[in-house]
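Structure first, then comments.
Values in this text are rule-based calculations from the coordinates and carry no lab data. All of these numbers come straight from a predicted model, not from anything done at the bench. Here the Cβ positions follow ideal geometry from the backbone for every residue, glycine too, while neighbour counts run over all protein chains shown.
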Amino acid sequence: MRLVLPNPGLDLRIPSYEDLDRMDKEEDDRPKWDNKTQYILTCVGFCIGLGNVWRFPYLCQSHGGGAFLIPYLILMVLEGMPLLLLEFAIGQRLRKGSVGVWRSINPYLTGVGIASMLVSLLVGLYYNTLVAWIIWYLFNSFQNPLPWTQCPLNENGTGFVPECQQSSTVDYYFYRVTLNSTTSIADSGGINWPIVLCLLTAWTIVAICCIRGISTAGKAVYVTAILPYIVLGIFLIRGLTLKGAMSGLKFLFTPDVNELIKPSTWLDAGAQVFYAFGLGWGGLISFSSYNPVHNNCVQDAVILSVVTSLTSVYAAAVTYCIIGFRATEKYDTCISDNIEKLLNKFELPEDNITTSNYEEAFNSLNSSYPDIVLGLDIKTCDMQTLLSEGVEGTGLAFIVFTEAITKMPGSQIWSVLLFVMLFSLGLSTLFGNIEGVVVPLKDLNVFPKNWPHEVLTGLTCALAFIICLLFAQNSGLYWVTLFDNFAGSVPLLTIGLFEMIAVVYIYGIDRFNEDFEFMVGYKPSIFWQISWRFTSPLIVLVILVFYLVTQVQEALTYSVWDPDSEKFPSLASVPYPSWIYVIIFLLAGVPSLAVPAYALCRFVFVCCTKKKE
Amino acid sequence: MEDVVFLLLCVSSAAAQLCAPDASNGYKVRLSILAALGDEAYLWNDSEMFLFRAALAFAMRTADGQNYDVSNVLVCDETPRVSFWFVVTSPLNPTQLVERRQVEEAVRKSRNRINSAFLLTDKTLEFLGIPPTLAAPAPPSPPPWLIVFGVVMGAAGAGIVLVLVTSVMQKRRKKKEEQTGIDEVEEESRAEENGTASDGVYNLSFSDNDRLTQM
């Protein structure tokens, strides 16, 4: 069953074992890690990103709480770890970045590297925009009171601006003050200059940290990879002392075993594992190639998987402490408002209805005067609804968390800590991104060879900043969501699939096993063999197919902030304009199709040159 | 005697007619003492009501200039909630009510003083129909975020300059090393050609160099 496609000339393109040993002893120009810790921290920083904080807790809670950990861990072992080890091993063996590695295996496969580079670039663009928004909030945390605690007044000073009055101060601050959102992705609305300045800050910091490749980035990760853990710890201790934290934790971890039967749970778990491990971006292959040849990559893959999963659970616990606190505050406010309405209408003394006898008092009043009570517009206060409100993505960080922080004493400090943590998380992921863009550009000889690495990094960051001005428009939020949904989903799954097929069937699993024996001292166990050959590609294929099927079936809509819509302050669901489909094809289709397209072009080119001869 | 009683009845009924719930020139007031003060809440009694009428008379005096008295402020429809209606009569003619708008102006002007007389706030001492003038949050200039931005970009600029300077210095150092290395190789090879052992500086970076053949 050892199917291997014919691959002539492989030995000429890759370094032999003697070459590898010699390169290991010599001092050459290739960058090296200062120590193993730096390498592990960089990989951890790359894998742990904003998604771990604001996507995993939401998935965990909406797919059955504690029970979600079961599909997550199973798929992590079956899908995440094998792919991770594959990328580590191939990088360490062939000692090149993503384009170099796939080109060494077979020149027709260079498309895989190009696809990785495109995905890293597109994702890096919108990711740094999120970092720019985080920087904006961070800069604005140094004032008292925090600017998202107040609404601006209307003209005659008797009330607040209606947009703020109907939604909330934090919603208004995010959608109007920070982003100044238009009502449609087609409506550009002009450039938002404060966001341009924040984007400039973000790209400058990224450029400085990455300017010499891993020699500068490797030092920066000591801060950016460790700081989030410390801040999460501080928030955990603070969060546990807040009122209502336990209800949040209970809500998160209460297992609902019925969710395990639904296929969507397993699909979401699989997709989350895939994105959480940063697979297919090319950054991990690059990082691994700077390791010494005999580094134990099996151990690294296992360590990284365990650390990523534990961090996701840790971040989820902290998140839900804070969400529980916020929900409890909102619940108490809701009940007090209702009590006030009842007291005012029925002219009862203030201590007649308290939170403890609210239920009985309400029921007795409702039975005696149902019409009056109906006219009062009493809101039903439900903890469950409040706990499941808007708790993923940008909504979590910029709306839910900021609101919770305003209710804690010493809000400025908590705000600064939160946004510094989010900034570190984003920055450390961007190191891997930039690595996954600059090194392939170097391998593809896009830039002249004598240009130093600093110039390449600086130029890439400058160009990326200019493209990011797209997200600095007033419709920028909708562009970021578009990129998030399409640039980082289908292409990564296709790249992962091609990677596995390339290594197992074109490079040859036997040769790969021998490489392991050379590098680590033993061949990978039967678990890895079966995973690489059958289970992992199958899982990725299933996820990809289901994803495409569900996407094609739905009409594509997106959520807009429209003060004039009926459901305001909820986001209105609006269909995309027709020209968006071109953009979606460029985002998702071009990287995915880069693999066959490049192979085809090369085939045609080779045929033409052969014919000429 | 009967005349006096009749007169008193007339006056009280006239007062009752002047102040009534939903009166056109009256306002409803609602106090939330427990909400504002919690454990330190005081009991609402006639003395407190007297204070209210006096405070309102003070407000009318400040706004109008005429000599309003406590008797000019009529109160009715008190509830256990602590809410009631009030009207203000003119000091010149006790049967004539002061216009709604004038009362509103007076209350608005002295709102703070009335609030502090009762240790309450705009939210806990409500005049239904007179919205409180909210304090405008004044944005400080220059905006604080711009200051932080300036600091961060300054540090970033310093970082860029540092990186460029160190890379230029490193290149110069490398060139120098290569230059001295080449000079020493030439010296050593010249020395070996001459056959004498010269005391050259031993350059470690070339110790494994294949160019130097072992003699």
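Mean separation of Cα pairs under 8 Å and 6 or more residues apart, divided by the residue count, gives chain A a relative contact order of 32 percent. The distance linking segment A:456-482 with segment A:214-257 is 29 Å (Cα centroid to Cα centroid, whole angstrom). Near residue A:367: Cβ cut-off under 14 Å, other residues only, Lys/Arg at +1 and Asp/Glu at -1. The net charge is -3. In summary, segment B:144-191 shows an alpha-carbon radius of gyration equal to 2.16 times the 2.2 N^0.38 Å reference for compact globular proteins.
Ratio to report: Rg/Rh of the protein assembly as shown, with Cα atoms as the point set and Rh obtained by the Kirkwood method; give two decimals. Ratio value, two decimals: 1.13. Principal-axis analysis of the Cα atoms of chain A puts helix A:358-368 at an angle of about 50° to the longest axis. Sorting A:175, A:127 on the 10 Å Cβ count, fewest up front, what's the list? Ascending Cβ contact count within 10 Å gives the list A:175, A:127. In whole Å, how far is the Cα centre of segment A:26-95 from that of segment A:546-613? About 27 Å separates the Cα centre of segment A:26-95 from the one of segment A:546-613.
Return the calculated 222 nm mean residue ellipticity for chain A, to the nearest 500 deg cm²/dmol, obtained by summing -39500 (n - 2.57) across DSSP H runs with n ≥ 4 and dividing by the residue count. Only helices count here, giving -20000 deg cm²/dmol. With neighbour counts taken as other beta-carbon atoms within 10 Å, the residues A:562, A:382, A:268, A:377 rank, fewest first, as A:377, A:382, A:562, A:268. For a straight C-alpha distance cut-off of 14 angstrom, the aspartates and glutamates reachable from residue B:109 (same-chain residues fewer than eight places away being disregarded) are B:64, B:122. Across segment B:2-128, the mean sequence separation of Cα contacts (distance under 8 Å, 6 or more residues apart), normalised by length, yields a relative contact order of 35 percent. Residues whose amide H falls under 5 Å from that of residue A:183, counting only those 5 or more places apart or on a different chain, are absent, with hydrogens built in the peptide plane. Bridging of residue A:523 to lysines at a Cα separation below 27 Å is possible for A:25, A:32, A:36, A:96, once same-chain residues fewer than 8 apart are set aside.
Fewest neighbouring Cβ atoms within 10 Å first, the residues A:453, A:294 line up as A:294, A:453.
Angle between the Cα long axis of helix A:411-443 and the longest principal axis of chain A, 0 to 90 degrees, nearest 10? So the inclination is approximately 20 degrees. Here the relative contact order of segment A:104-177, from alpha carbon pairs under 8 Å that lie six or more residues apart, stands at 18 percent. Per residue of peptide A:198-210, the mean number of Cβ atoms on other chains within 10 Å of the residue Cβ is 3.
Against chain A, whose longest principal axis is taken from its Cα atoms, helix A:536-553 shows a tilt of about 50°. Using the empirical formula 2.2 N^0.38 Å as the baseline, the Cα radius of gyration of segment B:2-128 reaches a ratio of 1.08. Farthest toward the dipole's positive end in the protein assembly as shown, which of A:334, A:374, A:467, given Cβ charges of +1 (Lys, Arg) and -1 (Asp, Glu) about the Cα centre? Farthest towards the positive end: A:467. Most tightly packed first, judged by the mean number of other beta-carbon atoms within 10 Å of their residues, the peptides A:76-82, A:135-141, A:592-598, A:236-242 read A:135-141, A:76-82, A:592-598, A:236-242. Summary of the geometry: segment A:171-208 and segment B:82-128, compared by the centres of their Cα atoms, lie 48 Å apart.
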